[in-house]
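The structure appears right after this line, and notes come after that.
The values are calculated or read from the model by the stated rules, or taken from the named source; none is laboratory data. If you're wondering where the values come from, they're calculated on a predicted model, not measured in any experiment. A quick note on method: Cβ atoms are made from the backbone with ideal geometry, for glycine too, and the neighbour counts reach across all protein chains shown.
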Amino acid sequence: MNLFVRAAAIAVVLHITPVVVLVKRTDAVQALLPGADAYFAREVHLSATDAHRLHEEVDWSPEDGVLTFYLGKAGPAAVGALVFVRVDTPHGPIEVAVGFTSQGTVRGVIVTKATVETKPWVLEAVHLGLTDHYRQLKPSATPGGAAALTGQAGSLAVYVAGEVDKGVARALAAYAAFYRP
């Protein structure tokens, strides 16, 4: 019982709430790689130099130094790729799936996980069209979803949109630097 009380106290101090799945990963893969009849995972193991470069560029270090790109194919033709990116916030993690066309532009973005606390903010931002602002971005682009919602959404929805912007920026940087078709 004492361990439970300590764990609860730590969670309160760290301001962490449980993570909830908004969209299952398999559903995100199918939505972001439409028409694919085969799926593959490609892991890219980052060297210390590459991991440091990615950290400097977009303030991100993938877990265990591994990037996993999910590829979709229809017959011999590539449909596209996607990557799941975790963004740690003071309110807990958010996971964003970013799908790319075979030409290398963003096909779509889906927020797949949030915390109980951030879920209403994520849903408000998505309902107001947050993810529409990322379509057709090129890897060299800067995401501006939060700026587009300013004045339309509450401050917490705009805040979480900024966190989604970070996830999209990380996916764009990872795709530009490490994805090889």
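Before moving on, here are some points about what is shown:
- Just one residue in the set Val122, Val106 is under 26 Å from Asp50 (Cα atoms), surrounded by 22 or more Cβ atoms within 10 Å (Cβ to Cβ) and either touching a helix residue (DSSP H, G or I) at 6+ places or on another chain (Cβ under 7 Å) or not small (Gly, Ala, Ser) (or both); that residue is Val106.
- Of the residues contained in region 73-95, none is found to be assigned to a helix (DSSP H, G or I), β-branched (Val, Ile, Thr), touching a residue at least 12 places away in the same chain (Cβ under 8 Å) and closer than 27 Å to Ala51 by Cα.
- Checked against the criteria, Pro139 does not count as surrounded by 19 or more Cβ atoms within 10 Å (Cβ to Cβ), in a loop (DSSP other than H, G, I, E, B) and of a type outside the set (D, E, K, R).
- On the stretch given as region 149-179, residues that are small (Gly, Ala, Ser) and within 18 Å of Thr118 (Cβ to Cβ) total 7.
- Here the condition is being of a type outside the set (Asp, Glu) and touching a helix residue (DSSP H, G or I) at 6+ places or on another chain (Cβ under 6 Å); of Gly129, Gly167, Gly162, it holds for Gly162 alone.
- Any hit, region 146-158, residues being in a helix (DSSP H, G or I), touching a strand residue (DSSP E or B) at 6+ places or on another chain (Cβ under 8 Å) and of a type outside the set (Phe, Trp, Tyr): no
- Qualifying residue in region 168-177 (condition: small (Gly, Ala, Ser), without any contact (Cβ under 8 Å) to a residue 60 or more places away in the chain, closer than 18 Å to Arg86 by Cα and surrounded by 15 or more Cβ atoms within 10 Å (Cβ to Cβ)): no
- Asp27 vs. criteria more than 22 Å from Pro181 (Cα to Cα), at pLDDT 90 or above and not in a helix (DSSP H, G or I): no
- Residues that are in contact (Cβ under 8 Å) with a residue 12 or more places away in the chain and small (Gly, Ala, Ser) are absent from region 56-64.
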